[in-house]
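The values are calculated or read from the model by the stated rules, or taken from the named source; none is laboratory data. Quick caveat: nothing in here was measured; it's all calculated off a predicted structure. When we count neighbours, we look across all protein chains shown, and the Cβ atoms used for this are built from the backbone with ideal geometry, even at glycine.
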Amino acid sequence: MATTDVQAVDEGKLEQVLGQLVTDMGAAMNGVLVLMGVELGLWRALDNAGPLTADALAERAGMRERYVREWLSAQAASGYLTYDAATGAFTLPPEQAMAFAREDSPVYLAGGYRLISSVFKDRQKITERIRGGEGFGWHEHDPELFAGTEQFFRPGYRANLVGEWLPALDGVVDKLSAGAKVADIGCGHGVSTTLIAQAFPTHVRASGTGFAIGVGRGGSVLAPIIAGFLFTVLLFHLKDQPILTTLWAFPVTRIIDIIKIPPARRLEHLPRGYGVLADDLLGSVYAALCLWVLKFTIPGWFSWPS
């Protein structure tokens, strides 16, 4: 009877492998908590707040102290927060704040955890496709992948697209300034398209058009802009003066959408495209309120000169 030689186990190497596995599992588990911190606003509540105890953060966030304490402890164990045992206070250093709390930071990476989350959701479907030797389309991924892709790459686009990448392409900036018509293929949620349109607002015809493969915001980047504008008009309109209504409603709606008055950014994180819709509708409500206040305080601005 044939026998198979069993290789001797190197205890040192086994310990190293097991240590790495435990580290990876801990990182995967804490990734969920990082994302929960984004959605619950805990990272933002810690930013520039100095040392905070679990009680203080719970009060700020409107949550129970017990949950907050466990979350804080996990982030301190991962090195994302510092902890003072003498006072029981946790601090978010400015370097970590740039990665987790400040969405306008060029190194904001919280969106990457959405990408990881979507991979786990797609695991079973992709496994079956591999087993059957079939492909898996981009459009078949969980919608969180599209939201995560936008959030993960958006900081790089904001920091580099207009100032670095476009000038590196021969003649592209001149063409855009001269009135080029832009087709942004694979635009996702339209971040790159919007940035180009904002950088060349009077030159790029139709503000550019984005084409996306998949679900969610996708399609033309103009669609949510138009939807927000129409909802503002529904809430605020000047009787028998549709042109004047449009001249006021459109720019104010766009300004409010760009500013992102709270809780607009939190609404963006809602799944399956609902966040995009909620963000636009909330912006329209704010825009209509601003217009009504202006109309009653400075009525002369809302009528044609006689």
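For segment 91-103, does any single residue satisfy the condition of being under 20 Å from the mean Cα position of the chain (by Cα), within 18 Å of PHE153 (Cα to Cα), at pLDDT below 90 and surrounded by 12 or more Cβ atoms within 10 Å (Cβ to Cβ)? Among the residues of segment 91-103, at least one is under 20 Å from the mean Cα position of the chain (by Cα), within 18 Å of PHE153 (Cα to Cα), at pLDDT below 90 and surrounded by 12 or more Cβ atoms within 10 Å (Cβ to Cβ), which makes the answer yes. Among the residues here, ASP142 qualifies as under 20 Å from the mean Cα position of the chain (by Cα) and among the charged types (D, E, K, R). Within segment 31-63, the residues that satisfy the criterion of being touching a helix residue (DSSP H, G or I) at 6+ places or on another chain (Cβ under 6 Å) and farther than 19 Å from ARG266 by Cα are ALA54, ASP55.
Mind counting the residues in segment 48-63 that are part of a loop (DSSP other than H, G, I, E, B), small (Gly, Ala, Ser) and touching a strand residue (DSSP E or B) at 6+ places or on another chain (Cβ under 9 Å)? Summing the residues that are part of a loop (DSSP other than H, G, I, E, B), small (Gly, Ala, Ser) and touching a strand residue (DSSP E or B) at 6+ places or on another chain (Cβ under 9 Å) in segment 48-63 gives 2. Assigned by TED's automatic domain parsing to the domain that holds GLY190, of a type in the set (Asp, Glu), assigned to a helix (DSSP H, G or I) and within 30 Å of SER192 (Cβ to Cβ): which single residue out of GLU144, GLU128, GLU39 fits that description? Only one candidate passes the filter, namely GLU144. The number of residues in segment 64-114 being part of a loop (DSSP other than H, G, I, E, B) and closer than 16 Å to ALA45 by Cβ comes to 9.
For segment 87-99, enumerate the residues that are closer than 18 Å to GLU70 by Cα and not aliphatic (A, V, I, L, M). Residues satisfying the conditions are THR87, GLY88, PHE90, THR91. For ALA45, the test of being aliphatic (A, V, I, L, M), modelled with pLDDT of 90 or more and either in a helix (DSSP H, G or I) or more than 16 Å from VAL32 (Cα to Cα) (or both) is passed.
Taking (1) out of contact with any Leu (no Cβ under 7 Å at 6 or more places or on another chain); (2) outside any loop (DSSP other than H, G, I, E, B) in turn, ALA8 satisfies each apart from (2). Is it the case that segment 210-230 has a residue that's part of a strand (DSSP E or B) and at pLDDT below 70? Looking through segment 210-230, at least one residue is part of a strand (DSSP E or B) and at pLDDT below 70. Just one of (1) modelled with pLDDT of 85 or more; (2) surrounded by fewer than 16 Cβ atoms within 10 Å (Cβ to Cβ) fails for ILE298. It is (1). Looking for something touching a residue at least 12 places away in the same chain (Cβ under 8 Å) and within 17 Å of the chain's Cα centre (by Cα) - is there at least one such residue anywhere in segment 165-188? Yes, segment 165-188 contains a residue that is touching a residue at least 12 places away in the same chain (Cβ under 8 Å) and within 17 Å of the chain's Cα centre (by Cα).
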